[in-house]
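Reviewing the structure listed below.
The values are calculated or read from the model by the stated rules, or taken from the named source; none is laboratory data. Note that the structure is a prediction, hence the values are computed from the model and not measured. Cβ coordinates were reconstructed from backbone atoms using ideal geometry, including for glycine residues, and neighbour counts include every protein chain displayed. Heavy atoms of the whole protein, side chains included, go into the accessibility calculation; ligands, DNA and RNA do not. Shrake-Rupley method; radii C 1.70, N 1.55, O 1.52, S 1.80 Å.
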Amino acid sequence: MKKSILSLIIFCLTFGMYSQITQLPEVVITAVNYKYLNAVENEDTDLSVQMLQEHVAMYDLKNSDLYGDEYDTYTVSFYIPDGKILAAYDKNGEIIRTIERFQNVKLPKDVRNAVYKRFPNWSLEKDVYLVNYHENNEKVSKQYKVKLKNGKKVMRVKLAEDGNFL
């Protein structure tokens, strides 16, 4: 019994010594529209919004039914139940600009805190998240329109993504 266990151990060690170690080059997959994703990306954004934005960035225009060499720009609409994105692509498949609108998404922490601090006895009735992206602008316009309710009183406020009231 000892001999069989010892021979099994030696057998396993022998094959372990002859195994090859190979290193493959690292493969990084990036979207063609990484500038768009970097501009609109925010870790506190609702998951459904992030997923639709990634879908817009990964959209392969050249292999779609819409593509033809005769046009310079293409407008494509993307929908989910909570919102939509209207994206304009150039003939190379890069995003030129987007207009985005989402309803009743989870508000970022800064926006929630600013609303509850300024209006402590009010409740959130509904909200709209608007994003405007243009490839030539350094800053992406992101704002929240929030409808607040306190009994029979209703108020609407606009906030920037950092919680500042507009």
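Can you name the residue in segment 134-155 that is part of a strand (DSSP E or B) and among the basic types (K, R) and, of all such residues, is nearest to V40 (Cα to Cα)?
Per the stated criteria, the residue is K142.
So which pairs qualify, if the first residue must be in segment 139-166 and over 17 Å from R101 (Cβ atoms) and at pLDDT 90 or above, the second must be hydrophobic (A, V, I, L, M, F, W, C) and surrounded by fewer than 13 Cβ atoms within 10 Å (Cβ to Cβ), the Cβ gap must be under 9 Å, and the two must be at least 6 apart or on different chains?
From segment 139-166, the pairs are L148/V154; L148/M155; K149/M155; V157/F165; V157/L166.
Report whether or not N63 is polar (S, T, N, Q), surrounded by fewer than 10 Cβ atoms within 10 Å (Cβ to Cβ), at pLDDT 80 or above and part of a loop (DSSP other than H, G, I, E, B).
yes
State yes or no: is V131 at pLDDT 90 or above, open to solvent by less than 60 Å² (accessible area, probe 1.4 Å) and either in contact with a Leu (Cβ under 8 Å, 6 or more places away or on another chain) or part of a strand (DSSP E or B) (or both)?
yes
Give segment 156-166 a look and list any residue that's assigned to a strand (DSSP E or B) and open to solvent by 50 Å² or more (accessible area, probe 1.4 Å), or say none.
R156, K158, F165, listed by residue number.
Would you mind finding the one in Y79, Y116 that is within 26 Å of K158 (Cα to Cα), open to solvent by 90 Å² or more (accessible area, probe 1.4 Å), without any contact (Cβ under 8 Å) to a residue 60 or more places away in the chain and part of a helix (DSSP H, G or I)?
It is Y116.
Quick one: in segment 83-102, of everything that is open to solvent by 90 Å² or more (accessible area, probe 1.4 Å) and either under 14 Å from the mean Cα position of the chain (by Cα) or at pLDDT 90 or above (or both), which residue is farthest from D69 (Cα to Cα)?
Of everything passing the filter in segment 83-102, R101 is farthest from D69 (Cα to Cα).
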